[in-house]
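Some notes on the structure that comes next.
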Amino acid sequence: MEDLQKLLLHDHGLSVSTLPEKGRCLFTTREYSPGEIILSQEPYVSVPNKTPVKSRCDWCFTSSNVKRCSSCQVVWYCGSKCQTSDWKVHRLECQLLAKLEKNRIKSLTPSIRLMVKLYLRRKLQNEKVIPTSVTDNYNLVKDLVSHISEVEEMQLVLYAQMASLVNIILQWSTLNIKEIAENFSKLACNAHTICDSELIPLGTGLYPIVSIINHSCSPNSVLVFEGRIATVRAMQTIPKGSEVLISYIETAGSTMTRQKALKDQYFFICSCPRCIKLGEHDDIEESAILEGYRCKNHTCNGFLLRDIESKGFKCQKCGVVREKEEIVKIASEEKTMSNKASVALSSCHNKEALDMYLMVEKLQVKLCHSFSINLMRTRETLLKILMELQDWKKALTYCRLTIPVYERVYPKFHPLRGLQYYTCGKLEWLLGYTDEAIKSLTQAVDVLRITHGTNTSFMKDLIAKLEEAKAEASYKLSSMDD
């Protein structure tokens, strides 16, 4: 840890401290500006997601031009460069996978593979086949918190079963099943979902130094991925001596929803500036707006709270009471239709799913506040379906409907907010709404240059689109003048 402290201080202006109530924390020893890289790390181990539709390169996660390993028939690579980069670990993994029975191969989840690769990499580093460094060694994994004592019994049984499968694959006499099970608990708390620039999940990676960074529902930093490299950037000015904080969960939701998500997966109660307001008037109002019901009076945008006298829900703005029976009836219809729509979508019946989700939206508009998270999620799904069906005009309508909610639930420099502006801008430009496209793409660039930087191919393409849209608008203006 002492060597890591020196390196972080010298190369990054960072320091690791341990606080009784939080454990290890990462603090700045200098000021960071918005968009500045705080920390980057390659994964200790990583694996792509397992999907029946699309195979991905085990090293870089691309799905383009991938070929299956001819020996194990499990792992895919996009070319010799990635295969060579991964060869020291995969050479051993390949031999083990090739011996597995077909029914075992079917049980080979990304989590199992990640654990197998973890032990293989540790072995190769111990044997000095793979070099170790201050930022790349198994001791960093050992230092991660597992919360094993807080894990429920059913989950412990699952970890034990998974550990047994890892043991069967590796067949090492020195392996400790209990240690493997505890490492699965570490992965659950510390591994990160690797996403592309548009936040589409590609795989899972373990980044032990990034895992030192604690959570806040009002983070000052953001974790994004450039290929397999995890990059933490400042979202705002971070003064010297401040703790670096990212978000572990989806932060669009009520305090109670966020607290439950954090407790269930990470075993702690958040005490960030948003969470300490739990139960206060502003927090109750925000929860009722994001996850509660709309006023029966359609001209009113008030929020509803339970009314003890009527046993219904009373609007806190106009005083109109909405009967509990009416809400229960609509909520039941909405849940039934949502389940049917989800099944249709997962079966790739897009047109059928579209009709059903339109019915879900209609019911949610009756039931929920206009800033409802559930309504926003339904409209996101409708946007996705409409884009797949290439109904660009309706897709734009739904994209625009989500923007005010994004602006309410996400901070100014949040990647999801920037990406929604980007989607809006792409659709507007496609439909010939050049001026609107310039506005949306400008908003996207303003956000994403902070969260993503400007050197990735994604950002270069986005900036090029904006410049092209501006050139098109300028040409149209000059043509009118002529």
What about L199, is it on the phi > 0 side of the Ramachandran plot, in contact (Cβ under 8 Å) with a residue 24 or more places away in the chain and in contact with a helix residue (DSSP H, G or I) (Cβ under 8 Å, 6 or more places away or on another chain)?
yes
For region 342-372, give me each residue that is touching a residue at least 40 places away in the same chain (Cβ under 8 Å) and either exposed (fewer than 13 other Cβ atoms within 10 Å of the Cβ) or over 14 Å from K296 (Cα atoms) (or both).
L345, F371, S372
It is to be established whether one or more residues within region 56-71 are assigned to a helix (DSSP H, G or I), of a type in the set (S, T, N, Q) and over 19 Å from G203 (Cβ atoms).
no
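One line per residue, one yes/no per condition, for (1) assigned to a helix (DSSP H, G or I); (2) modelled with pLDDT under 95:
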| site | (1), (2) |
| --- | --- |
| C82 | yes, no |
| W87 | yes, no |
| N103 | yes, yes |
| I112 | yes, no |
| L118 | yes, no |
| K123 | yes, no |
| I130 | no, no |
I need the full set of residues from region 75-97 which are loosely packed, with under 14 Cβ neighbours inside 10 Å and among the small types (G, A, S), in order please.
S80
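Condition check ((1) surrounded by 18 or more Cβ atoms within 10 Å (Cβ to Cβ); (2) in a strand (DSSP E or B); (3) not hydroxyl-bearing (S, T, Y)) across all residues:
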| residue | (1), (2), (3) |
| --- | --- |
| L8 | yes, no, yes |
| D11 | no, no, yes |
| S15 | no, yes, no |
| R30 | no, no, yes |
| S40 | no, yes, no |
| P43 | yes, no, yes |
| V53 | no, no, yes |
| Q73 | no, no, yes |
Go through region 185-252 and tell me which strands (runs of 3 or more DSSP E), entirely inside it, have 1 or more residues that are modelled with pLDDT under 95, in the same structural domain as S15 (by TED's automatic domain parsing) and closer than 30 Å to R408 by Cβ.
221-226
Return only the number of the condition from (1) without any contact (Cβ under 8 Å) to a residue 40 or more places away in the chain; (2) in a strand (DSSP E or B); (3) charged (D, E, K, R) that E179 does not satisfy.
(2)
Could you check how many residues of region 289-306 are out of contact with any Gly (no Cβ under 7 Å at 6 or more places or on another chain) and either modelled with pLDDT under 90 or more than 10 Å from C368 (Cβ to Cβ) (or both)?
9
If a residue has to be more than 25 Å from Q390 (Cβ to Cβ) and surrounded by 17 or more Cβ atoms within 10 Å (Cβ to Cβ) to count, how many in region 418-447 make the cut?
2
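The values are calculated or read from the model by the stated rules, or taken from the named source; none is laboratory data. What you see is a predicted model, and the numbers here were worked out from it, not measured in a lab. Glycine gets a Cβ as well: all are built from the backbone with ideal geometry, and neighbour counts include every protein chain shown.
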